[in-house]
Amino acid sequence: MRFALALSLLASFHAAFALPPEDRAREHLSEITAIFPAQGWKASPPLLVSQAPGQLYESGLPPVWKADLVDERGRHGYLLWENSPRGTLLEFALDSDSETTPKGGGLTPGVPALQQFPVPGLKSANVASGCVPTAGASLVGYWTTHGFPEWAGPALQPLDLRLKSTTLRLRKRMRMAEMPDTSGYTDDGMPLSGAFPQELASSIEKDAQENAVPMSAKFSQFSFEHLKQETAAFRPVLLSCMVRLPQKPHLSWGHEVVGVGWLELGGEQYAGVKDNFYPSESPQTVRWIRQEAFQSLIRVQPEKPGEEK
């Protein structure tokens, strides 16, 4: 009884001294702008956002606070943090026209920010291309400008068109599921596509082989240390995660993105990603998400001559 009373009093103490949402937003923004060359950012009044009932993906994610950001140049961003006395920062992004390595972190610049696009469907005329193959194509796009220009096809076409063709090639090698968008993930109700990240690893390897590119792809559980190692070698990775949509945080889903960096902030660890369902104003924008959201990692590495898989 005394123990339960002590816990209750402790919870009341923390709640009493929790920062108001407006102050918490300013605190997080101050921490972020201390490690990025960002000035003039301001936060909108925070809103507490709960998950919409009956959505396609029942993630079970708890309510969070969100504050939209804008800077003196009119660029946008956002913050998400826990609805708790500590108010731990969950994720953030700042639109930027340059890719800058944060203090206390690492970054692999140069990964194209390919967004999902309409493709012919089996059940519908058009469906979204899907996060799994689209993320894979973005990673291929990085390697076409870092030693393997032949991977995405003839260089006569613009890179964006070549990466869309790459997305279609990767899709053909995976079991793609089509799902009606009854929750409003897309603005026009276009059906969604899903696939397994494990199949993406084998699809990338086969695609590399067909294009005479010596590349391996290894699927594993997420490891922050592996992310740091690959970032130090300037090799982007593929990450699966359970996240909210930045532009519609009342919705969430299992998602595949390209991992391009890491940072440590406020005692927490974050992965930097290029998101194929986050149409930011600049293709250089990186979304930073706390590591607890991630489940798997695919390391894509050039093979050395004579190396066995």
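We did not get these values from a lab; they are worked out from the coordinates using the rules stated. Just so it is clear, the model here is predicted, and its values are computed rather than measured. Here the Cβ positions follow ideal geometry from the backbone for every residue, glycine too, while neighbour counts run over all protein chains shown.
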Original post:
For segment 107-302, what value does the Rg/Rh ratio take when both radii are computed over Cα atoms and Rh is the Kirkwood radius, given to two decimals?
Top reply: 0.94
Original post:
Over segment 49-94, what is the mean sequence separation of C-alpha contacts under 8 Å (at least six apart), divided by residue count, expressed as relative contact order in percent?
Top reply: 28 percent
Original post:
Can you work out ³J(HN,Hα) from phi for every residue in segment 115-125, in order, using Karplus 6.51 cos²θ - 1.76 cosθ + 1.60 and θ = phi - 60°, giving whole Hz and x for Gly and Pro?
Top reply: 9, 4, 9, x, 9, x, x, 7, 9, 10, 4
**OP:** Just tell me the longest site-free run in the chain, where the sites are chymotrypsin sites (Phe, Trp or Tyr not before Pro) in a DSSP loop having at most 14 other beta-carbon atoms within 10 Å.
**Re:** 18-233
Subject >> Table column - 3J(HN,Hα) (Hz), segment 176-185, Karplus curve with 6.51, -1.76, 1.60, x for Gly and Pro >> reply: 9, 9, 10, 10, x, 8, 9, 10, x, 4
Original post:
So what's the gap between the Cα centers of segment 43-108 and segment 112-187, to the nearest angstrom?
Top reply: 26 Å
Subject >> Exposure proxy ranking, count of Cβ atoms within 10 Å, fewest first, for 188, 275 >> reply: 188, 275
Original post:
Tell me, what is the percent relative contact order of the chain, built from C-alpha pairs under 8 Å that lie six or more residues apart?
Top reply: 20 percent
Subject >> Per-residue HN-Hα couplings for segment 264-279 [Karplus 6.51, -1.76, 1.60; θ = phi - 60°; Hz; x = Gly/Pro] >> reply: 10, 8, x, x, 10, 10, 10, 9, x, 10, 9, 9, 7, 10, 9, x
Subject >> Residue range of the chain that is longest and free of GluC sites (Glu not before Pro) which are both DSSP loop and sparsely packed (at most 16 other C-beta within 10 Å) >> reply: 151-280
**OP:** Please give every one of the lysines within straight-line cross-link reach of residue 218, meaning a C-alpha to C-alpha distance under 25 Å, and leave out same-chain neighbours fewer than 8 residues apart.
**Re:** 164, 172, 206, 228, 274, 304, 309
Subject >> Projected label distance in nm at residue 97 and residue 181, using a 7 Å step from Cα toward the beta-carbon >> reply: 3.0 nm
